[in-house]
């Protein structure tokens, strides 16, 4: 028997069948994708940067614009580096590289791509296993740590302590034992005495050094005095003057230029970070930013809006075996 559909039902029925068949041929819609997790927050600036190990005795530190921090070690006789915002430093230049000795001052100079370091034996004493070599200024590649050169200090029994560089690329170092500033002129192949006999007697410990507004500033640890030497034409030394401050420094050690002024590591008393506002002539104001560094404050450097202040713990070199050790570290001090 044949059943005939009326015409008015034919089109709707065909449309329904087509819709059903079309729906059957489609895949189910994929569920919405979950939102990506938010990125982790950027690392915070650490309160401390630790140099791991025993008897490290870090004597100086320096930094670059990206926040990398470098440490020189007297005890381990090597150079360490902490990546930006890292709270722990790692060995960057190992001991005995090209016969380098204990490392005192270090200075990162981004303009020349160089890391400068003072090498020598502490107070002229040669520890077991070390070589009796003259104190020298070493130069390494700032990025890779590759050795570039080294320059012995020009005077016998010298002790290279700390380093500064002027805008023309001339390098200046303090010779603690001889109370001298030595200069390595840009492009020269040896250090020469730049100023001698102007900063006190032998034993007054010429120490920190910095270049501010065309003058080389140095301090003497034993007398707590601050001096300035203008840089004359051709890199010659001008007339040295003592800078009179409203409040004396306290056994100053490392210094860094900060704008037109100075940051100073005061090792005397409780240990303090000092700020010296220079008047451009022969005077200035000394302000204490933070105290409470009893373990031998030796150096300061600026990272962003912070200062890192370094204690050396020289006493750890004479500590008996098994003596509990404090961590060797730099402490963050916010800039005012």
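The values are calculated or read from the model by the stated rules, or taken from the named source; none is laboratory data. Bear in mind the structure is a predicted one, so any value in this text is a computation, not a measurement. Every residue, glycine as well, gets a Cβ built from its backbone with ideal geometry; the counts of neighbours run over all protein chains shown.
Odds and ends about this structure:
- Filter pass, residue 299 being in a strand (DSSP E or B), at pLDDT 95 or above, more than 30 Å from residue 88 (Cβ to Cβ) and in contact with a strand residue (DSSP E or B) (Cβ under 8 Å, 6 or more places away or on another chain): no
- Residue ranges of strands (runs of 3 or more DSSP E) in segment 80-189 with at least 1 members surrounded by 24 or more Cβ atoms within 10 Å (Cβ to Cβ) and more than 15 Å from the chain's Cα centre (by Cα): 114-120, 136-141, 160-165, 171-175, 180-184
- Which numbered condition residue 135 misses (of (1) over 19 Å from residue 210 (Cβ atoms); (2) touching a helix residue (DSSP H, G or I) at 6+ places or on another chain (Cβ under 8 Å)): (2)
- In segment 321-336, the residue that is surrounded by the fewest Cβ atoms within 10 Å (Cβ to Cβ) out of those that are touching a residue at least 60 places away in the same chain (Cβ under 8 Å) and under 19 Å from the mean Cα position of the chain (by Cα) is 327.
- Across segment 313-320, not a single residue is classified as in contact with a strand residue (DSSP E or B) (Cβ under 7 Å, 6 or more places away or on another chain), more than 20 Å from residue 51 (Cα to Cα) and either touching a residue at least 40 places away in the same chain (Cβ under 8 Å) or in a strand (DSSP E or B) (or both).
- Here residue 305 fulfils each of the conditions (1) surrounded by 14 or more Cβ atoms within 10 Å (Cβ to Cβ); (2) modelled with pLDDT of 95 or more apart from (1).
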